[in-house]
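What follows is a set of notes on a single structure, which appears directly below.
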Amino acid sequence: MEHITVLLNESVDALNIKDGGIYVDATLGGGGHSELILSRLKNGHLYAFDQDTYALKRSEERLTKYTNKTLIHSNFEFMESKLKELGVTKVDGILFDLGLSSFQIDDEKRGFSYLKDYDLDMRMDQSNPLTAKIIVNTYSRQELADIFRLYGDENNAWHIAGHIVDKRPLETTSDLVKITDLVNRNVKGHSAKRVFQALRIEVNKELDVLEKALKSSLNLLNKGGRLVVISFQSLEDRIVKHFFKSNSEIHMPKHVDIRFIDKPPLKMINRKAILPSQKEYEDNKRSHSAQLRVAEKQ
Ligand SMILES: C[S@@+](CC[C@H](N)C(=O)[O-])C[C@H]1O[C@@H](n2cnc3c(N)ncnc32)[C@H](O)[C@@H]1O
């Protein structure tokens, strides 16, 4: 399935693109956001990151007519050092569109989907040594249960972890689904949804790298530069919301003269997350959980 870009105009408008500016698309994917950024960018440059070589290859083709871009194979957690190697220390806007592209979910060989039977993999970066198979076959019951609870909000985490340990070695997505089907047989929705989400987060260390990349973004942004983040699940959104809030408020001790207090590094552009329009909800199922947050460096 083609990846349909979510909150496309809302997020690119939020970047406030100016002539000659330097922009970063931290999650290139199918190149939808990058394409719109490039179409609006005069005399500037776009640096786009993805940790998936397949996404880079697809987007290279899509964006071939634009010469003012550099596509970089890297986790966005290393954004700051990768840009520095290219002589870039400041940028005017950074966009994150978190999660997976549709073509990654649809490719059964990647093992992301509980609806398809394949190896338990779930790596966004094919060179990552950690796979979901290694996790289910080597982590302790306690470690598995913690991951399922923390990253998947799975009520039957301990129970599922116990069955996994008993049934080892697990090879494929359907080996795991058989267990969740058994334990979660009376639970609403797909039995494996929360466990798959949790494993994906653990394989790709999604929450850790997001925290690191948000901190790097603060260092990279010029004054007036925009930080634009689209998240698709509550754990990510909580990190983004907390980061924006804690960097846009002054925690002033009593009796301190306000004239001597520095401004916080960020100014929130929207108090509340921006959600997709009714039309986007209807046209693109993937947009249902999307939340867009925008802040400006000051
Ligand atoms: C939702 S898609 C982006 C879609 C893109 N905005 C578009 O319009 O086509 C997210 C992409 O970010 C990549 N990605 C996710 N986490 C990443 C990370 N930590 N570092 C680099 N790329 C990442 C994924 O491989 C995926 O291709």
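The numbers here are math on the coordinates, done by the rules we state, and not lab data. Every value quoted in this text rests on a predicted model; they were computed, and no experiment measured them. Neighbour counts run over all protein chains shown; Cβ positions are idealised from the backbone, glycine included.
When the helices of the chain are scored as -39500 (n - 2.57) per DSSP H run of n ≥ 4 and the total is divided over every residue, the value at 222 nm lands at -12000 deg cm²/dmol. Under 10 Å, Cα contacts only: if you run a Gaussian network model on the chain, which one of 19, 117, 92 comes out with the highest mean-square fluctuation? Residue with maximal mean-square fluctuation among 19, 117, 92: 19. If you line up the long axis of helix 173-183 against the longest principal axis of the chain, both from Cα atoms, how many degrees apart are they, to the nearest 10? Long axis of 173-183 versus the principal axis of the chain: about 70 degrees.
Helix 234-246 and the long axis of the chain differ in direction by around 30°, with both axes built from C-alpha atoms.
Computed on the Cα atoms alone, the convex hull of segment 158-201 gives a volume of 72 cubic angstrom per residue. Between the Cα long axis of helix 157-167 and the first principal axis of the chain there is an angle of about 50°, rounded to the nearest 10.
Once you sort the root eigenvalues of the Cα gyration tensor of segment 64-130 as a ≥ b ≥ c, which label holds: rounded (a/c under 1.5), prolate (a/b larger than b/c) or oblate (the other case)? Verdict is prolate for segment 64-130. For the pair segment 73-108 and segment 254-298, the centres of their Cα atoms are 20 angstrom apart.
With R₀ set to 41 Å, the beta-carbon distance separating residue 65 from residue 261 gives a calculated FRET efficiency near 0.25.
Under a 10 Å cutoff between Cα atoms, tell me which one of 126, 142, 104 has the largest fluctuation in the Gaussian network model of the chain. Of 126, 142, 104, the most mobile in the Gaussian network model is 142.
For residue 298, project a label point 7 Å along Cα to C-beta. Then give me every residue of segment 79-113 with its amide nitrogen under 19 Å of that point. Within reach of a label on residue 298, which here means backbone N under 19 Å from a point 7 Å along Cα→Cβ, segment 79-113 contributes 92-94.
Straightening the chain between residue 4 and residue 209 buys 71.4 nm, computed as 0.36 nm per residue apart minus the Cα-Cα spacing. A Cα-only calculation for the chain places Rg and Dmax at 20.5, 64 Å. When the alpha carbon coordinates of segment 107-204 are projected onto the principal axes, the ranges are 36, 25, 22 Å, largest first. Spatially, segment 206-223 and segment 117-157 are offset by 25 Å when compared through their Cα centroids.
Placing a label point 7 Å from the Cα of residue 13 along the Cα-to-Cβ line, the residues of segment 275-297 whose backbone N sits under 13 Å from it are 275-278.
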